[in-house]
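A short worksheet on the structure shown next.
The values are calculated or read from the model by the stated rules, or taken from the named source; none is laboratory data. None of the values given here were measured: they were computed from a predicted structure. Here Cβ is always computed from backbone atoms with ideal geometry, including for glycine, and neighbour counts include all displayed protein chains.
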Amino acid sequence: MRVTGSLSEFQELRQALNGRVGAVYTMGALHVGHLSLLSHAREENDAVVATLFVNPKQFARNEDLSRYPRTLESDLQKFERAGVDLVLTPSPEMMYPPGFQTRVDVKIVSQGLEGERRPDHFTGVVTVVAKLFNLTHPDRAYFGQKDAQQVVVIRQMARDLNFPVEIIVCPTVRETDGLAMSSRNVFLTPEQRQAAAVLYGALQAAGGAYDQGEHVPAHLIEAVQDVIAAEPLAEIDYIALNDPRTLSPIHQMTNLPVLLSLSVRFGATRLLDNCLLPLSLNNLIDLTRLLGV
């Protein structure tokens, strides 16, 4: 495995890779969810490139960039064990040199959900991903289902700017109690960590109701609310049903697939989770078909 923080050196090393290339973009603090993306990339491509960059432009003013976990040595060991061929570890100064003026905005699918609560977050995400697409030139890029809106926003950007990349969406990897793997989980107290399992229970409750024929959006949201409300440490931020392709809010009963998303606070930590309904669609093929491209 080759590791470099130099953009020019990385591009030279990237040109030397042969065959189909898969890419995984991370901010480090790797967990099993990241390793799942890397595993899929390794199985489906001739070479794998990865990036590790804590992107300051996707943090809001009220979000503490300095608190984000930084575990470079451990992350590089995990990359190597996962079979990564080439890793880029640039500094913010390299990615955004003096005089940097360009930003990439995706106007519609970035509205609502996280976009409503974190202004400019997705501008920071798609700007850096556009740069990383240009640097890594992947045939396939791998993203996780947990950040479903982010995937849809990146897909729109890739389509609009004609990036020749296939976006693969891998199922959310969960702890044994169902909590989605996330770098934010380390900020939970033991009591909050135990309580956070309610999120998966809420998604499953809505999924069960959907499979039994309940397709009225208000009733599905109520099923989620009822489960979460039973946990006193949980504070609901939002629960939403959206079209998985357009992210348009769904208010009327439909038999088409829907994306159920939620954001819930446990103390100062806000956790995200989601699933497709019906629950049978939460697999790599259907997630890529509905959220990716």
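Numbers below:
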read-out: Given (1) more than 27 Å from Asn185 (Cβ to Cβ); (2) assigned to a loop (DSSP other than H, G, I, E, B), number of the condition Met94 does not satisfy; value: (2)
read-out: Selection from the range 254-293 of residues that are hydroxyl-bearing (Ser, Thr, Tyr) and not in a loop (DSSP other than H, G, I, E, B); value: Ser261, Ser263, Thr269, Ser280, Thr288
read-out: Scan of the range 265-290 for residues that are acidic (Asp, Glu) and buried (at least 19 other Cβ atoms within 10 Å of the Cβ), ordered by number; value: Asp273
read-out: Top-ranked residue in the range 63-95 [being of a type in the set (S, T, N, Q) and under 14 Å from Gly5 (Cα atoms); ranked as farthest from the chain's Cα centre (by Cα)]; value: Ser91
read-out: Extreme residue, farthest from His34 (Cα to Cα), among residues of the range 122-165 that are aromatic (Phe, Trp, Tyr) and in a helix (DSSP H, G or I); value: Phe122
read-out: Among the candidates His215, His219, residue that is modelled with pLDDT of 95 or more, surrounded by 13 or more Cβ atoms within 10 Å (Cβ to Cβ) and in a loop (DSSP other than H, G, I, E, B); value: His215
read-out: Lone qualifier among Leu233, Leu135, Leu203, Leu199 - being of a type in the set (A, V, I, L, M, F, W, C), surrounded by fewer than 20 Cβ atoms within 10 Å (Cβ to Cβ), touching a residue at least 40 places away in the same chain (Cβ under 8 Å) and not assigned by TED's automatic domain parsing to the domain that holds Pro90; value: Leu233
read-out: Unmet requirement for Val216, which otherwise passes all of (1) under 21 Å from Leu113 (Cα atoms); (2) within 20 Å of the chain's Cα centre (by Cα); value: (2)
read-out: Enumeration of residues in the range 166-207 that are assigned to a loop (DSSP other than H, G, I, E, B) and within 20 Å of Gly144 (Cα to Cα); value: Pro171, Thr172, Val173, Glu175, Thr176, Asp177, Gly178, Leu179, Met181, Ser182, Ala196, Ala197
read-out: Positions within the range 181-197 being touching a Lys or Arg at 6+ places or on another chain (Cβ under 8 Å) and within 14 Å of Leu35 (Cα to Cα), in sequence order; value: Met181, Ser182
read-out: Subset of the range 115-144 (residues that are among the acidic types (Asp, Glu) and more than 24 Å from Leu287 (Cα to Cα)); value: Asp120
read-out: Residue check for Asp211: more than 24 Å from Val48 (Cβ to Cβ), of a type in the set (D, E, K, R) and not assigned by TED's automatic domain parsing to the domain that holds Asp243; value: no
read-out: Meets criteria (at pLDDT 95 or above, touching a helix residue (DSSP H, G or I) at 6+ places or on another chain (Cβ under 9 Å) and surrounded by fewer than 17 Cβ atoms within 10 Å (Cβ to Cβ)) for Pro98; value: no
read-out: Residue within the range 164-175 that is within 18 Å of Ser263 (Cα to Cα) and hydrophobic (A, V, I, L, M, F, W, C) present; value: yes
